[in-house]
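The values are calculated or read from the model by the stated rules, or taken from the named source; none is laboratory data. Fair warning: this is a prediction, and the values are worked out from it, not measured in the lab. For neighbour counting, all protein chains shown are included, and Cβ atoms are generated from backbone atoms with ideal geometry for every residue, glycine included. With ligands, DNA and RNA removed, areas are computed over all heavy atoms of the protein, side chains included. Shrake-Rupley method; radii C 1.70, N 1.55, O 1.52, S 1.80 Å.
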Amino acid sequence: MMRIFKGKSSNQSCAKSNGSIAVLTAFIAIGTAIISSDRSAYADNPHADVLSIGGSVTEIIYALGQEHRLIARDTTSTFPPEALKLPNVGYIRALSPEGVLSVNPDLILSEEGAGPPEALGVLKAAAIPFIEVPDGYDADTVAAKIKAVGTALDVQDEADALARDIHDRIDAAVARAEARSTAPKRVMFVLSTQGGRIMAAGRDTSASAIIELAGGLNALESIQGYKPISDEAIGLAAPDVIVMMDRGGDHSASDAELWAMPPIKLTPAAETKSIVRMNGLLLLGFGPRVADAIEDLSEAIYGKS
């Protein structure tokens with residue numbers, strides 16, 4: 001279920017403030033220029049200025065043909081490339097009220113998990129409708145996410161049609177993956193190798209879900225969430241394939257660096273040099289392109305059928 005948060009009337013001019021959260025909150029509370037607190041009719045305005053927070057939400061807005069409604073986006077919203085031209089208000093889990101309010105949104109659409117809580121508290125007090133879109137890692141929840149965005153933007157018919165199409169494409173991609181994976185391989189998703197410490201994905205993660213949809217077995221199903229993994233645990237996991245995001249920086253490692261790491265070099269994956277690197281938003285976003293992610297990952301693990 002999507003959730004809508006609305007606060008009290010506020011002074012929207014404080015959106016330009018560079019002060020601290022405490023100062024900004026005080027300005028909102030005082031409010032020298034009144035903004036109507038009844039924003040429930042925002043969907044009736046086809047020209048509303050929408051801030052999208054979360055890469056999958058932004059992709060859905062574009063897929064629905066509503067990109068003209070966008071005024072800004074967050075750092076994770078990197079697809080389609082046109083989205084990069086929009087102002088960037090920061091990382092979804094490290095938002096600042098000043099940055100968000102500076103773009104004067106009429107509506108905020110966000111994936112679950114935005115934060116920090118203090119920043120969300122200020123935004124809710126600013127009388128800007130804040131809609132949190134449900135998350136999930138299967139065809140039904142992706143369809144529900146699309147419908148939630150469509151409802152928020154008052155394009156329910158378009159959203160229903162897109163949700164049906166994406167659901168069908170996911171089902172077809174999963175069926176093809178199952179046909180390839182008659183002998184399922186053990187797959188380990190490595191999030192980071194920073195400082196020589198391996199951070200990998202256990203169950204109840206988007207990485208584990210996409211591995212399973214692509215016909216693989218999560219080699220770290222015994223743990224939950226994204227966690228640092230001991231050398232012993234990696235040895236016991238014995239992955240046949242390692243999956244990583246195709247990013248650079250401190251959190252990544254070249255193939256040579258990865259295979260040289262003591263806990264990795266004795267795994268079956270290292271013996272066969274089996275590694276898959278994919279765009280992070282495509283792989284883990286569970287947006288409109290999730291069927292493509294399933295197809296690409298399945299083919300990379302098992303080969304084309």
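Among the candidates Asp74, Asp106, the residue that is over 28 Å from Asp292 (Cα atoms), in contact with a strand residue (DSSP E or B) (Cβ under 9 Å, 6 or more places away or on another chain) and acidic (Asp, Glu) is uniquely Asp106. Beta carbons closer than 8 Å, at least 6 apart along the sequence or on distinct chains, never pair a first residue in segment 134-153 that is at positive phi with a second that is of a type in the set (S, T, N, Q). Annotation note: Cβ proximity below 6 Å between a residue of segment 273-285 that is part of a strand (DSSP E or B) and a residue that is small (Gly, Ala, Ser) (sequence gap 6+ or interchain) occurs for Val276/Ala300. Screening Ala72 against (1) touching an Asp or Glu at 6+ places or on another chain (Cβ under 7 Å); (2) part of a strand (DSSP E or B) leaves a single unmet condition, (1).
Picking from Ala72, Ala83, Ala127, which residue would you name as being of a type in the set (A, V, I, L, M, F, W, C) and in contact with a Pro (Cβ under 7 Å, 6 or more places away or on another chain)?
Exactly one residue qualifies, and that residue is Ala72.
Out of the residues in segment 231-252 meeting the condition of being modelled with pLDDT of 95 or more and in a loop (DSSP other than H, G, I, E, B), tell me which one is surrounded by the fewest Cβ atoms within 10 Å (Cβ to Cβ). Once the filter is applied, the top-ranked residue is Ala238. In segment 212-235, the residues that are more than 13 Å from Met199 (Cα to Cα) form Cβ pairs under 6 Å with partners that are among the charged types (D, E, K, R) and not in a loop (DSSP other than H, G, I, E, B), at six or more places apart or across chains, as follows: Gly215/Glu178; Gly215/Arg180; Leu217/Arg186; Ala219/Arg186; Glu221/Arg203. Right, Val190: out of contact with any helix residue (DSSP H, G or I) (no Cβ under 7 Å at 6 or more places or on another chain) and surrounded by 22 or more Cβ atoms within 10 Å (Cβ to Cβ) or not? Here the answer is yes, as Val190 does meet what is asked. Considering every residue within segment 264-272, establish whether at least one is in a helix (DSSP H, G or I) and of a type in the set (A, V, I, L, M, F, W, C). Yes, because at least one residue in segment 264-272 is in a helix (DSSP H, G or I) and of a type in the set (A, V, I, L, M, F, W, C). Residue check: Gln156 meets all listed conditions (1) of a type outside the set (A, V, I, L, M, F, W, C); (2) over 16 Å from Met245 (Cβ atoms); (3) in contact with a helix residue (DSSP H, G or I) (Cβ under 8 Å, 6 or more places away or on another chain); (4) in contact (Cβ under 8 Å) with a residue 60 or more places away in the chain but one, namely (4).
In this structure, Glu59 qualifies as open to solvent by 10 Å² or more (accessible area, probe 1.4 Å), in contact (Cβ under 8 Å) with a residue 12 or more places away in the chain, within 17 Å of Pro288 (Cβ to Cβ) and part of a helix (DSSP H, G or I).
Please work out if Asp106 is at pLDDT below 95, open to solvent by 20 Å² or more (accessible area, probe 1.4 Å), closer than 20 Å to Leu282 by Cα and in contact with an Asp or Glu (Cβ under 8 Å, 6 or more places away or on another chain). Criteria not met by Asp106.
Can you pull out every residue in segment 64-99 that is in contact with a Lys or Arg (Cβ under 9 Å, 6 or more places away or on another chain) and not charged (D, E, K, R)?
First, pick out the residues of segment 64-99 that are in contact with a Lys or Arg (Cβ under 9 Å, 6 or more places away or on another chain): 79, 83-84, 86-89, 98.
Across segment 64-99, the qualifying residues are Phe79, Ala83, Leu84, Leu86, Pro87, Asn88, Val89.
The residue of segment 159-172 that is surrounded by the fewest Cβ atoms within 10 Å (Cβ to Cβ), among those that are closer than 24 Å to Gly65 by Cα and of a type outside the set (D, E, K, R), is Ala161.
I'd like to know if segment 78-87 contains one or more residues that are within 21 Å of Ala126 (Cβ to Cβ) and surrounded by fewer than 20 Cβ atoms within 10 Å (Cβ to Cβ).
Yes; the residues of segment 78-87 include at least one that is within 21 Å of Ala126 (Cβ to Cβ) and surrounded by fewer than 20 Cβ atoms within 10 Å (Cβ to Cβ).
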